[in-house]
1. Taking the range B:303-413 as the region of interest, what is the percent of Cα-Cα pairs per 5 angstrom bin, listed from the shortest bin to the one with the maximum distance?
2. Please order B:TRP249, B:TRP347 by the number of other Cβ within 10 Å, starting at the fewest.
3. What is the Cα convex hull volume of the range A:151-228 when expressed per residue in Å³?
4. Whole number please: convex hull volume per residue, Cα atoms of the range B:185-252, in Å³.
5. So what's the Cα pair-distance distribution over the range A:61-136, bin width 5 Å, in %?
6. In vacuo Debye scattering of the range B:364-414, one point per C-alpha: log10 I(q)/I(0) at q = 0.19, 0.23, 0.24, 0.30 Å⁻¹?
7. Per 0.36 nm of contour for each residue apart, how much would the distance between B:ASN412 and B:SER395 grow if the chain were fully extended, relative to their Cα-Cα spacing?
8. Using only the Cα atoms, what convex hull volume per residue in Å³ does the range B:202-358 have?
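Derivation of every value follows stated rules applied to the coordinates shown; laboratory data play no part. None of these values were measured; they are calculated from a predicted model. Using ideal geometry, Cβ is built from the backbone for each residue, glycine included, and neighbour counts are taken over all protein chains shown.
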Amino acid sequence: MSNNKSLTTLLSSSFIGSLLTIVVLAGISPPVSQAYAAVETTIKKITLPASTITLPKSTLPGYNLALQKCTICHSVDYIHHQPPGMDQKAWTSAVLKMQHSYGAPLSESDINSIGAYLSVVYGSAKADDPTIISASQSPISTPASGEALDVQVLLTSNGCSGCHDINKTIVGPAFKAIAKKYKSDTGAISKLVVSIRNGGTGKWGNMAMPPMNVNEKQAQALAEFILQQ
Amino acid sequence: MADNKTHLVQQSRRQFLRKASMLALGASPLLSLAATDNNEGVSLAGGMRPLVKYPGKRDLILVHSRPPHLETPFSVFNESLITPNDAFYVRYHLANFPTEIDLKKYKLNINGAVNKTLQLSLQELKSMAEPVDVVAVNQCSGNSRGYSSPRVFGAQLSNGAMGNARWTGIPLRTVLEKAGVSPEAMYVTFNGLDKPVLPTTPDFIKALNIEHALSPEPLLAWGMNGEDLPFLNGYPLKLIVPGYFGTYWVKHLSEITVLDTEFTGQDSYFMNTAYQLPDNDCLCVTPGSTAEKNRPISTLPVRSFITNISADDTLSSAKPIELEGIAFDDGSGIKNVDISIDGGLTWLTSTLGESLGRFSFLPWKLTVSFAQKGKATVMVRASNNNGEVQPLRASWNHGGYRRHAIESVAINVI
């Protein structure tokens, strides 16, 4: 305030004199330069390296489900670095804990299917064990024809909201940012449907988007919802 | 003595190089360097844990990357009694934590059953009272979990999820007294800036009972070994609970709530459901069974390590060798550290070094001579003023928590 007052007074006297004074003031004014330096040093920022560990590929349906659901909250190395030789029961109860204790969006069939997959690729189970085959009958839900698709249910059950918010970036881009990017793209819906169903990486950074376990109609409903934001 | 030590270091370096070159067969030299000698006996489903570089840290062992969990390579404990900031282990639970902190916006909130809620900037905290220092061990509840037998799920840690640092801050009770704690207060809870990814996941909140919170020990610390806290260890403020496991040492501390009720609800998960031990004399169960009752993990049991030799080292029988290591406990005070070089048949008393405080690593050393050539097992066993002695065999619990059995190092004598 006092600076402003003195500047006004100076400006009203001699124009040239005031310019000189402003230069001098700017040069010697300690509060201003200190405040500026303080702004620079109050912010600390880190950039974390991306995870390079991926889940072992498998034709078991639990593979895609694990890609999609486990990585909402944690990287794959959490799973990769568990003890060797755990059986199907142990792995399935570890997945159940994710739902029970940490609120992971997993249905009972998701839990069984992911448990079966993990115990085959990391544990003692074999892909042709009868218990693995029966636990892997994870159906991709198909809406009855004409049935209304509840986008909020799809967002929750697929864990979309773990990585995406409407307004702000979490792990993935905000839905509003996606809508803005595709605003004038006439093929936007089909592009988003492909991204939702197949996953992808590189469009928004190096964090991979896992393939979502939804059918064409569900993906379309999600794409329409996102583009309306 | 110095000669002996150099000798040991050179031996283990040679051995390290030999192991590295064996691994390099069929792989690129860079790959083999990235994956050498850091499993330390812990076997994993998906193979070795790599060494990784994170902000403010030297190469540490990767436990998991999102959220970050990094283990200190054990050789660091032979470098100095104080664990350097860039080597200190890192452990988060929730992936939605800040990677940018602006001190202009940062506040510590004190609320709940208090006369006056407070919102303090770091600068206000720093000027509230004369800063105090404590050297204290921060050890993860699951340190050494990878050695559980039978194995248990969870981060498969070797012995490096611990560290010893000089923490600088003000006593927790200073801010509690300023806020004016209700006479009905029962617990004080602590929350940091880290958040769960999903709203259905519990937040990471820990609680201390009111007597403990108002005791002189817990600190609100901004300094670690004379510097700001490393970002990944909880910058700008961390709760320090000397003698207690690291789970209570809340990072990026932002909210302190005084409760005049029990701590319940979804966000009490990490206090009331996780980090629990069987509530019995041994704090253990027979594998496969469950305890009738559990209680939250709390203080550090007495523990000791040998830091200047490691498994498969080759030592000479030609001259005496000075063994060195560390011991620590919950602050009761280390009474003795005994060494056996014959697999536990006979024990020798080591010389304890200068104490940096009762919550710190305490150094010990002992010069020994190996009379016989061949394989030998060196063991270290500490006891404390509270009458605790390290057990020969580890007890078992579902979380693989609180391991503190006598450590053995199998070596070769030539």
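1. Reading the bins upward from 0: 2, 12, 21, 24, 18, 12, 7, 3, 0, 0.
2. Values: B:TRP249 26, B:TRP347 15.
By the 10 Å Cβ count, ascending, the order reads B:TRP347, B:TRP249.
3. Values: hull volume 6.3 nm³, N = 78.
It is 81 Å³ per residue.
4. Numbers: hull volume 6.7 nm³, N = 68.
Considering the Cα atoms of the range B:185-252, their hull volume per residue is 98 Å³.
5. Once binned at 5 Å, the Cα pair distances of the range A:61-136 give 3, 18, 31, 28, 16, 4, 0.
6. So the normalised log intensities work out to -0.81, -0.97, -1.00, -1.18.
7. Values: separation 17, 0.36 × 17 = 6.12 nm, distance 2.84 nm.
That works out to 3.3 nm of additional length.
8. Working: hull volume 33.1 nm³, N = 157.
For the range B:202-358, the hull spanned by Cα atoms encloses 211 Å³ per residue.
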